[in-house]
Amino acid sequence: MPAGFSAADFLYILPELVLIGGAMLLLSLSVLVPRRDGLLLWTALATVAVTLVLVVRFFGLDVTAARGLLAIDSFAAFFKVIVLLSAALTLLMSAPYLRVEGIRVGEYYFLILCATVGMMFMASGVELITLFIGLETMAVSFYVLVGFLKPNPRSNEAAVKYFLLGGFSLGILLYGMSLIYGVTGTTSLAGIAAALRGQDTSLVLVLAVILVGAGMGFKIAAVPFHMWAPDVYEGAPTPVTAFLSVGSKAASFAMLLRIFVVGLPALAQEWSLLFYVLAVISMTVGNIAALTQSNLKRMLAYSSIAHVGYLLIGVVVRTERGVAAMLLYLGVYLFMQLGAFAIVTAQRRSDIIGDELKDLSGLSKRNPLAAFAMGFFMLSLGGIPPTAGFMGKMWLFGAAIDAGFIWLAVIAVANSALSIYYYIRVVVFMWINQEEPVGSPIVIGPAMKVALGVALLGTVVLGIYPQFLFEQAEVAARTLQGITAATVVGGQ
Amino acid sequence: MEITPAHYALLSAALFIIGVVGVLVRRNIIIIFMSIELILNAVNINLVANARHLENLVGQVFVVFVIAVAAAEAAVGLGILLAFFRNKETVNIDEMNVMRW
């Protein structure tokens, strides 16, 4: 056993180990027993399910494992559950799409699981190198996944753009990290916080905050670092887009919260201002750009940029309630966003791509159930009352007012009102626009039914009874704050 | 003249700026990719110089990870670029116009 590591450390990373083992098994199975797509799907789903069960047990714990590299706490567990649920729903909605596109499923499922492993390390890393390796494990898997449709020029182009801007943002992020290391002499977040306590803010540190903020801004697709998002979302295979917009965003938010709230509380004023500006322009630009889109995936991309703006409120406010509300909103966002993308995925048939807004016309006649689900997800994304989206926004904006950020809340409410226009437009297309149906009828297979059912159930239940999730989110937010308070030894 | 940590910091900052400018103004994807590698090397110089200055090994460990990740990125990135080139017969970023940039 390597020096300094104990058996307990391996117990704490057991979920990740299971996921890696499952991914390796999948890769071997895809070679040993080719053309057994069902078996591969079940293996992938079973791996994710086992990991989920193992992760849930860690909820309520608050320990640092592997010599201060990983925190096994409620905060990490909360994000790991979100990431694993989004991976499971993505796997469920992928199968028919992969068949239509003629994708080899073995590598595809393998890469989804690899990206999930990276996200899990981003959720629990409390040290810059660990966070960076987690981020790259996720990003490199996504570069391949985005370009998975090799003969398709849109997919190629999306992959090249994502790769170039991802690499560029990584460079900026790392330069910021190297400056932080230069000032503090450690890469452990708790050590950085301890080294900076009581020190004057130097110019180098402000520069480091801007660089790390910009690097993370690329990963969560906040304006003005959002240029890649619409193109990548449009060009990538639709289930990958879904996973990218939920899983990678959630994991990046976990990493962002850890770095800034745990590692850099000494510069809270500076980064709070930075994220204030990013939040306001993200929601405004995202919503205004979404108004004019005719492609459904592009529209959802701009809508997700606007949602990043809302989510950043939690970072700006940085109170326990604010962070808890942000975690709650991420949980809600998981269901409604994946649900909307599940419908877009089901639109892809052998004779039609189906990601244009007009392809939805008359859906209420052709497939009432799909139209109803899509309508519900749109209302939830827009934040109309009986849905989960409304509850999430209420907590989030309430937390902003509570902490004295009245103008931020006002801008966010105005933006939500604006956003309802383009969400309602989708509903109008499905119900009122009765053009001749294009393409063959939509078939929703059993796996897709499960994915849609879970997404719909989540959106409905969290709309009626969000308290349960909010309590978990509060516990998770409290562990994050707790780390800030406790002084931990330096990171060597 | 004695070489102080400030010299290394300046060298690293210069490389970083050259890399960023390269990414922003060049149109050839391969050259943009090389500029990204330049940024990563600026990071490496900064880390190694700081590790030496602080007499602390964490920075050197960081560099090994950055180099490994840069290699992984290069492998994946060139693969993606190859797939792109097969369809479009170009590596010019201005001809990536299937979708609005």
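See the values below:
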read-out	value
Leading residue by the ranking (modelled with the lowest pLDDT) among those in region A:430-448 that are under 24 Å from A:L89 (Cβ atoms) and surrounded by 15 or more Cβ atoms within 10 Å (Cβ to Cβ)	A:I442
Which listed residue, of A:V81, A:V100, is part of a helix (DSSP H, G or I), touching a strand residue (DSSP E or B) at 6+ places or on another chain (Cβ under 8 Å) and farther than 30 Å from A:S178 by Cα	A:V100
Tally of residues being surrounded by 22 or more Cβ atoms within 10 Å (Cβ to Cβ) and either more than 19 Å from the chain's Cα centre (by Cα) or not β-branched (V, I, T) (or both) across region A:53-65	0
Failed item, numbered, when B:W101 is tested on (1) modelled with pLDDT of 95 or more; (2) within 27 Å of A:D231 (Cβ to Cβ)	(1)
Every residue from region A:150-178 that is of a type in the set (A, V, I, L, M, F, W, C) and more than 7 Å from chain B (Cβ to nearest Cβ)	A:A158, A:L165, A:L170, A:I172, A:L173, A:M177
Segments classed as helices (runs of 4 or more DSSP H), wholly inside region A:295-399, with at least 2 members that are of a type in the set (G, A, S) and at pLDDT below 95	A:320-347, A:368-382
Top-ranked residue in region B:1-17 [being within 19 Å of A:I172 (Cα to Cα) and more than 12 Å from chain A (Cβ to nearest Cβ); ranked as surrounded by the most Cβ atoms within 10 Å (Cβ to Cβ)]	B:L11
Test: residue in region A:347-369 that is buried (at least 23 other Cβ atoms within 10 Å of the Cβ) and β-branched (V, I, T)	no
When residues of region B:58-101 are limited to those that are at the interface with chain A (Cβ under 9 Å from one of its Cβ atoms) and among the polar types (S, T, N, Q), the one surrounded by the most Cβ atoms within 10 Å (Cβ to Cβ)	B:N87
Test: residue in region A:325-343 that is closer than 24 Å to A:P96 by Cα and over 16 Å from the mean Cα position of the chain (by Cα)	yes
Looking only at region B:25-44, and only at residues there that are part of a helix (DSSP H, G or I) and more than 9 Å from chain A (Cβ to nearest Cβ), the one that is farthest from A:G176 (Cα to Cα)	B:I30
Qualifying residue in region B:33-51 (condition: farther than 30 Å from A:G191 by Cβ and either buried (at least 20 other Cβ atoms within 10 Å of the Cβ) or in contact with a strand residue (DSSP E or B) (Cβ under 8 Å, 6 or more places away or on another chain) (or both))	yes
Within region A:121-149, tally of residues that are among the acidic types (D, E) and within 7 Å of another protein chain (Cβ to nearest Cβ)	1
Residue within region A:24-44 that is touching a Pro at 6+ places or on another chain (Cβ under 9 Å) and in a helix (DSSP H, G or I) present	no
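The values are calculated or read from the model by the stated rules, or taken from the named source; none is laboratory data. These numbers come from a predicted model, not from an experiment. Every residue, glycine as well, gets a Cβ built from its backbone with ideal geometry; the counts of neighbours run over all protein chains shown.
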